[in-house]
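First up is the structure itself, then whatever we jot down about it.
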Amino acid sequence: MNVTVKNEKLNQWIREVADLCQPDDIYICNGSKEEYDFMMEKMIKSGSAVPLKKRPNSFHFRSDPSDVARVEDRTYISTTSQDDAGPTNNWLAPDELKKTMLDFYKGCMKGRTMYVIPFSMGPIGSPISKIGVEISDSPYVVVNMHIMTRVSDKVMGLLDGGADFIPCLHSIGAPLAEGQEDVQWPCAPIENKYISHFPEDNLIWSYGSGYGGNALLGKKCLALRIASAMARREGWMAEHMLILRLTDPEGKQYHIAAAFPSACGKTNLAMMQPSVPGWKCECIGDDIAWMKTGPDGRLYAINPENGFFGVAPGTSYGTNPMAMDSIKENVIFTNCAVTDDSDVWWEGMDGDAPAHAIDWKGNDWTPESGTDAAHPNARFTAPAAQCPVICEDWEKPGGVPIDIFIFGGRRSTLVPLVSEAYNWDHGVFIGATAGSETTAANIGSVGNFRRDPFAMTPFCGYNMGDYFKHWFDMGNKLGDKAPRCFYVNWFRKSEDGKFLWPGFSDNSRVLKWMCERVSGKVGADETPIGLVPKDGDLDTNGLEVSAKDMKEIMSIDTDGWKAEIPDIEQHFAKFGDRLPERLTKQLEEFRKRLG
Ligand code: GTP
Ligand code: SPV
Ligand code: MN
């Protein structure tokens with residue numbers, strides 16, 4: 001071990017894990033550039049990292065073809081009573097799950113180094129921030145954690161001073177026997193993967209995967225699943241939301257937090273450049289928001305992360321120029337294609353496809369191959385500070401006051417571009433009934449419709465019926481200072497399968513309408529599903545969408561909505577007596593409005 005650890009709880013945990021996992025070596029990380037360079041150098045030598053000539057200090061990794069996304073089927077919320085995990089989470093009793101996992105962990109780090117990564121979610125020392133310590137046998141995890149969280153000996157200093165922490169144990173589950181040669185991306189087979197959470201002890205155990213949210217445990221595991229359970233106990237909120245600041249031509253600022261499911265547009269909206277003249281958008285966070293009430297009774301949000309773990313395919317100067325400018329240097333790419341001139345490429349990047357590349361599986365690829373060059377869930381890991389439109393207040397310890405909540409998802413039919421909730425209870429109803437087509441961010445089928453309340457289905461660390469109640473409780477606490485709630489759908493398609501709405505920078509038109517609603521500049525029409533823009537209020541100046549398509553994007557198909565009711569009833573029924581009365585009442589009112 002390279003450092004003496006003074007925090008007794010940490011010291012004891014490190015010794016316990018080392019005895020169990022039997023690594024060859026233990027290394028305590030300090031987050032320095034030297035450490036990052038040293039780890040990267042080691043991975044270049046072993047062949048797992050490929051330096052990119054076109055992007056300074058940037059590297060490409062290829063995962064095992066089986067280990068390309070989160071594994072919701074193998075993700076557990078392990079509470080004493082199954083009812084506390086609820087109907088939307090996989091559950092195993094803590095004793096049973098721990099016993100199974102202990103067998104896997106036994107000797108699992110043989111032939112490898114065990115890295116101890118002290119990190120802060122949120123600015124170091126902020127009252128909203130939380131300290132975690134991840135133990136991992138993956139050097140890829142170490143370099144990604146350097147970017148995605150604040151890894152620092154300042155955090156170790158706080159721990160030495162007695163600060164508490166959330167233990168996050170991770171192993172790729174691939175011990176090496178004496179003399180055994182390593183593979184490029186070691187991991188365990190799918191049936192041996194476990195992404196486990198013990199919210200009653202604020203504890204995370206992850207085994208068998210090296211990818212994204214399965215392995216970078218500060219993100220979904222700590223900042224959403226464990227934090228959501230803490231937030232409920234302590235009266236705050238941990239949400240799967242981007243945070244942005246929109247400034248109108250008069251200089252008035254609005255802060256917006258939006259919950260869309262994985263791969264449904266958060267990173268893009270967070271750094272969107274408005275097509276409406278005079279409006280400015282700045283990014284505060286692109287995936288997670290932690291929110292607490294401030295002394296003025298309003299809701300304040302911070303981004304607990306330090307980087308972007310963004311979807312690569314579809315990212316281009318045409319769609320998300322600020323992301324493209326954030327990934328010019330100091331970036332880790334995973335599962336992209338690599339071009340002959342040593343750059344990355346993916347489907348949807350600007351310009352022509354390369355005539356030849358090496359695809360994400362390491363095979364020769366040409367545009368005639370008929371396969372994806374980059375995996376649909378290929379990702380970039382980039383420091384948030386590199387975003388040209390990162391807000392100057394993005395690390396403000398007290399956060400920014402939220403004016404607007406947006407819910408949404410990917411619906412090729414039915415759901416119109418935008419609607420506003422009648423009030424907070426109706427807002428909770430539209431959040432609780434949100435649905436979306438599944439994406440490649442999870443291993444499983446893609447394009448299947450599912451209910452995904454508040455985009456939290458895979459990330460809520462407790463019974464989602466109680467989570468709905470927590471939203472009502474927060475509403476009671478916020479009163480007339482609560483953010484206004486809206487619902488959007490950028491993904492409605494025409495009969496021939498094309499997106500009707502241009503999206504991206506034109507989404508600013510929708511945000512502008514929301515701000516004008518909040519400031520009382522515009523009225524709205526009442527419909528069964530909520531309030532919608534009056535004719536002429538949605539700014540379509542310079543927009544290249546036909547009047548016919550515009551009408552379709554905004555149209556409300558009452559029969560189609562009536563046909564949703566049985567599915568919403570089934571969805572609500574799953575929560576039994578944990579479903580708040582106020583949601584049942586909302587459903588009744590919705591039914592009445594539909595006539
Ligand atoms: P996670 O990181 O998985 O949580 O995803 P995310 O919600 O941040 O999604 P992201 O912004 O990365 O977008 C996912 C995909 O949707 C990308 O391929 C985008 O190009 C595409 N996308 C984002 N916004 C829009 C939009 O307004 N319209 C259309 N048609 N596609 C969009
Ligand atoms: C998501 O799936 O919502 C992500 C990517 O943000 S991961 O970190 O892999 O969870
Ligand atoms: Mn996400």
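The values are calculated or read from the model by the stated rules, or taken from the named source; none is laboratory data. Quantities reported herein were computed from a predicted structural model and do not represent experimental measurements. No Cβ is skipped: glycine too gets one built from the backbone with ideal geometry, and neighbour counts run over all protein chains shown. SASA here: full protein model, heavy atoms, side chains in, ligands and nucleic acids out. Shrake-Rupley method; radii C 1.70, N 1.55, O 1.52, S 1.80 Å.
In this structure, the amide hydrogen of residue 26, modeled 1.01 Å from its nitrogen in the peptide plane, lies closer than 5 angstrom to those of 114, counting only residues at least 5 positions away or on a different chain.
For region 481-496, 3J(HN,Hα) computed residue by residue from phi via the Karplus equation (6.51, -1.76, 1.60; θ = phi - 60°) reads 9, 5, x, 7, 10, 10, 10, 10, 9, 7, 10, 5, 10, 7, 4, 8 Hz, glycine and proline entered as x.
Take every pair of alpha-carbon atoms less than 8 Å apart whose residues are at least six positions apart; their mean separation over the length of the chain yields a relative contact order of 15 percent. Only helices enter this figure: runs of n ≥ 4 DSSP H residues, each worth -39500 (n - 2.57), summed and divided by the residues of the chain, yield -8000 deg cm²/dmol at 222 nm to the nearest 500. For the chain, the longest principal axis of the Cα atoms and the long axis of helix 139-148 meet at an angle of about 40 degrees. Ordered by 1.4 Å accessible area with all protein chains kept, 254, 194 run largest first as 194, 254. Among the GluC sites (Glu not before Pro) found in region 463-538, those both in a DSSP coil and sparsely packed, with 15 or fewer other Cβ atoms within 10 Å of their Cβ, are 495. Working from Cα positions, state the angle (0 to 90°, nearest 10) between the long axis of helix 558-573 and the longest principal axis of the chain. Between the helix axis and the principal axis of the chain, the angle is about 40 degrees. Applying a DSSP loop filter and a limit of 13 other Cβ atoms within 10 Å to the chymotrypsin sites (Phe, Trp or Tyr not before Pro) in region 265-352 leaves 317. Dipole orientation for the chain: of the candidates 418, 522, 85, 522 has the Cα lying most toward the positive pole (charges on Cβ; Lys, Arg +1; Asp, Glu -1).
Residue pairs exceeding 29 angstrom between C-alpha atoms, taken from 548/585; 42/106; 328/361; 33/396: 548/585.
Summing charges over all other residues whose Cβ lies under 12 Å from the Cβ of residue 346, with Lys and Arg as +1 and Asp and Glu as -1, gives -4.
Under 13 Å between alpha carbons, and skipping anything fewer than 8 positions from residue 193 in its own chain: which aspartates and glutamates qualify? Leaving aside aspartates and glutamates fewer than 8 places away in the same chain, those within reach of residue 193 are 67, 72, 73, 103. Please list, by residue number, everything in region 113-131 whose backbone N is under 20 Å from a paramagnetic label point 7 Å out along Cα→Cβ of residue 45. It comes to 113-116, nothing else. 3J(HN,Hα) along region 409-426, derived from phi through the Karplus expression 6.51 cos²θ - 1.76 cosθ + 1.60 where θ = phi - 60°, amounts to x, 9, 10, 6, 10, 6, 7, x, 3, 8, 8, 10, 6, 5, 6, 4, 4, 5 Hz, with x in place of Gly and Pro.
Taking amide H positions as modeled 1.01 Å from N, with prolines and chain starts lacking one, the residues under 5 Å from residue 90 and 5 or more places away or on another chain are 77.
Packing around the peptides 423-432, 129-138, taken as the average count of other Cβ atoms within 10 Å per residue, puts them in this order, highest first: 129-138, 423-432. A simple rule links phi to the HN-Hα coupling: the Karplus curve 6.51 cos²θ - 1.76 cosθ + 1.60 with θ = phi - 60°, which for region 329-342 gives 8, 6, 10, 10, 10, 10, 6, 8, 8, 10, 7, 5, 9, 6 Hz, with x for Gly and Pro. Around the amide H of residue 55, modelled in the peptide plane, lies no amide H under 5 Å away from a residue 5 or more places distant or on another chain.
Would you please classify the overall shape of the chain from the alpha carbon gyration tensor, given that a ≥ b ≥ c denote the square roots of the eigenvalues, rounded means a/c under 1.5, and beyond that prolate means a/b larger than b/c while oblate covers the rest? In terms of gyration-tensor shape, prolate. Magnitude of the charge dipole for region 336-415, about its Cα centre and with charges confined to Cβ atoms of Lys, Arg (+1) and Asp, Glu (-1), is about 540 debye.
Legend: calculated FRET efficiency, residue 547 to residue 33, from the Cβ-Cβ distance at R0 = 60 Å, rounded to 0.05, equals 0.60. For region 1-75, applying the loop criterion from DSSP together with a ceiling of 14 other beta carbons within 10 Å to the trypsin sites (Lys or Arg not before Pro) yields 6, 53, 54.
Taking Cα atoms only, the orientation of helix 94-105 departs from the longest principal axis of the chain by about 50 degrees. Extension gain for the segment residue 593 to residue 392, taken as residue separation times 0.36 nm less the Cα-Cα distance, is 67.9 nm to one decimal.
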